[in-house]
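Participant: Shown below is the structure under consideration.
The values are calculated or read from the model by the stated rules, or taken from the named source; none is laboratory data. Please read all numbers here as calculations on a predicted model, not as lab measurements. Glycine gets a Cβ as well: all are built from the backbone with ideal geometry, and neighbour counts include every protein chain shown.
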Amino acid sequence: MFKKIVVGCAEDQAARDAVVLAANLAALLDSEWTVVFPYQPLLSTVPAEEMERRARTKVQALTGAIADLREPAYHWSPSSWPIHALHEMALHERAELIVFGAARGKLAHFHMSLMERIVHCAPCAVAVAPEHYAETGDPHFQRVGVGFAASLEGTTALHAAWSLAARSGGELDVIAGAALEPELASYAHAAPNRAEVERKIIEQTETALLAATAELGQEVPIEAQTISGQPADVLIERSSSLDILLLGSRAYGPLRHVLIGGVSARVMREAHCPVLTVPRGVAREHSPTLAHEAVAD
């Protein structure tokens with residue numbers, strides 16, 4: 001699972017957070033990982049070797065204390081758009097995971113757009129490190145969470161989360177938020193049978209949740225819970241007690257050629273822990289592999 005990881009290295013806080021998260025995951029999973037740094041050979045007065053040396057120095061300063069970590073490979077990219085650089089390197093390396101960093105302040109809106117777009121059309125799963133993860137993140141992943149959804153993407157995320165918890169020796173928290181869609185809730189706020197409809201939604205979600213978790217192995221302690229509330233609200237609130245949260249993203253429209261779904265996008269923006277998202281097409285292509293590896297691990 002996630003045997004090849006790609007992460008960008010730049011000067012900002014988001015890049016530092018991403019490098020540390022990528023290193024923590026690479027150490028846990030014994031993964032190969034590649035650090036991509038920007039370099040314009042026609043415009044730069046510094047040779048590529050010097051830029052790589054600087055990138056190595058930064059990465060080693062951030063990850064030197066992480067045990068069991070492989071030495072990363074380093075590649076430069078001439079792309080001025082980080083999404084292109086990471087997507088292209090992930091395709092070149094046949095990576096299974098891209099790691100990206102969130103950001104706040106003046107560039108917050110720009111970086112949130114990057115976070116959503118990097119999942120949209122991504123060739124593999126994407127993990128987002130929250131702001132200041134480099135200083136505050138727990139590298140042990142003892143509490144792994146997954147947002148449950150009765151879909152191919154949700155099932156893929158569930159198996160990946162189980163496998164991650166098995167590797168870390170941690171626990172798995174399977175979380176399902178159940179409620180009327182906001183648009184329907186607004187339309188049907190005065191309907192006399194609204195409470196009954198919501199009760200059935202919760203019951204159906206609970207049934208699907210229990211059936212899905214029953215198929216998982218017994219090696220990992222599992223806490224499965226259906227909570228009344230909008231899924232994004234529930235997951236963001238629960239993320240404060242997690243070391244990492246996995247999601248499946250169905251998006252809107254075919255083959256991820258549009259922005260990712262509202263729940264995944266909002267959770268990526270507001271979660272208190274790293275969020276690892278499996279986009280629609282990636283789930284379709286890799287769910288059998290992840291499920292097999294979950295059992296094999």
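Participant: What number of residues in the stretch 131-183 are assigned to a strand (DSSP E or B) and either of a type in the set (Lys, Arg) or surrounded by fewer than 18 Cβ atoms within 10 Å (Cβ to Cβ) (or both)?
Facilitator: Filtering the stretch 131-183 down to residues assigned to a strand (DSSP E or B) leaves 143-147, 171-178.
Now narrow it down to the ones that are either of a type in the set (Lys, Arg) or surrounded by fewer than 18 Cβ atoms within 10 Å (Cβ to Cβ) (or both): 143, 171.
Of the residues in the stretch 131-183, 2 are assigned to a strand (DSSP E or B) and either of a type in the set (Lys, Arg) or surrounded by fewer than 18 Cβ atoms within 10 Å (Cβ to Cβ) (or both).
Participant: Being of a type in the set (Ser, Thr, Tyr) and closer than 30 Å to TRP162 by Cα narrows it down to one residue among THR63, THR57; which is it? It would help to see each step written out before you state the result.
Facilitator: Working: THR57 fails: closer than 30 Å to TRP162 by Cα.
Answer to the selection: THR63.
Participant: Further, regarding this structure: Just the residues that are β-branched (Val, Ile, Thr), more than 21 Å from the chain's Cα centre (by Cα) and surrounded by fewer than 18 Cβ atoms within 10 Å (Cβ to Cβ), please, taken from the stretch 204-226. Steps first, please.
Facilitator: The initial filter retains those residues of the stretch 204-226 that are β-branched (Val, Ile, Thr), namely 205, 207, 213, 220, 222, 226.
Checking the rest, the ones that are also more than 21 Å from the chain's Cα centre (by Cα) come to 205, 207, 226.
Once the filter is applied, which keeps residues that are β-branched (Val, Ile, Thr), more than 21 Å from the chain's Cα centre (by Cα) and surrounded by fewer than 18 Cβ atoms within 10 Å (Cβ to Cβ), the stretch 204-226 yields only THR207.
Participant: While we're looking at this one, here's another question. For the stretch 36-90, name all the residues that are among the polar types (S, T, N, Q), free of Cβ contacts under 8 Å to residues at least 12 places away in the same chain and closer than 30 Å to ASP138 by Cβ.
Facilitator: Within the stretch 36-90, the first condition is being among the polar types (S, T, N, Q), and the residues that meet it are 40, 44-45, 57, 60, 63, 77, 79-80.
Now narrow it down to the ones that are free of Cβ contacts under 8 Å to residues at least 12 places away in the same chain: 44-45, 57, 60.
Answer for the stretch 36-90, where residues must be among the polar types (S, T, N, Q), free of Cβ contacts under 8 Å to residues at least 12 places away in the same chain and closer than 30 Å to ASP138 by Cβ: THR57, GLN60.
Participant: Now for a separate question. Read through the list (1) part of a helix (DSSP H, G or I); (2) modelled with pLDDT under 90; (3) not aromatic (Phe, Trp, Tyr), then give the number of the only condition that PRO123 fails.
Facilitator: Of (1) part of a helix (DSSP H, G or I); (2) modelled with pLDDT under 90; (3) not aromatic (Phe, Trp, Tyr), only one is false for PRO123: (1).
Participant: Is it true that VAL59 is over 22 Å from VAL119 (Cβ atoms), crowded, with 21+ Cβ neighbours inside 10 Å and in contact with a strand residue (DSSP E or B) (Cβ under 6 Å, 6 or more places away or on another chain)?
Facilitator: Numbers: over 22 Å from VAL119 (Cβ atoms): yes; crowded, with 21+ Cβ neighbours inside 10 Å: yes; in contact with a strand residue (DSSP E or B) (Cβ under 6 Å, 6 or more places away or on another chain): yes.
Judged against the criteria, VAL59 is a match.
Participant: On to the next question. Quick check on this structure: which one of VAL282, VAL278, VAL267, VAL263 is at pLDDT 90 or above, in the same structural domain as ALA176 (by TED's automatic domain parsing), touching a strand residue (DSSP E or B) at 6+ places or on another chain (Cβ under 8 Å) and closer than 28 Å to PHE100 by Cβ?
Facilitator: Values: VAL282 fails: at pLDDT 90 or above; VAL278 fails: at pLDDT 90 or above; VAL263 fails: at pLDDT 90 or above.
Answer to the check: VAL267.
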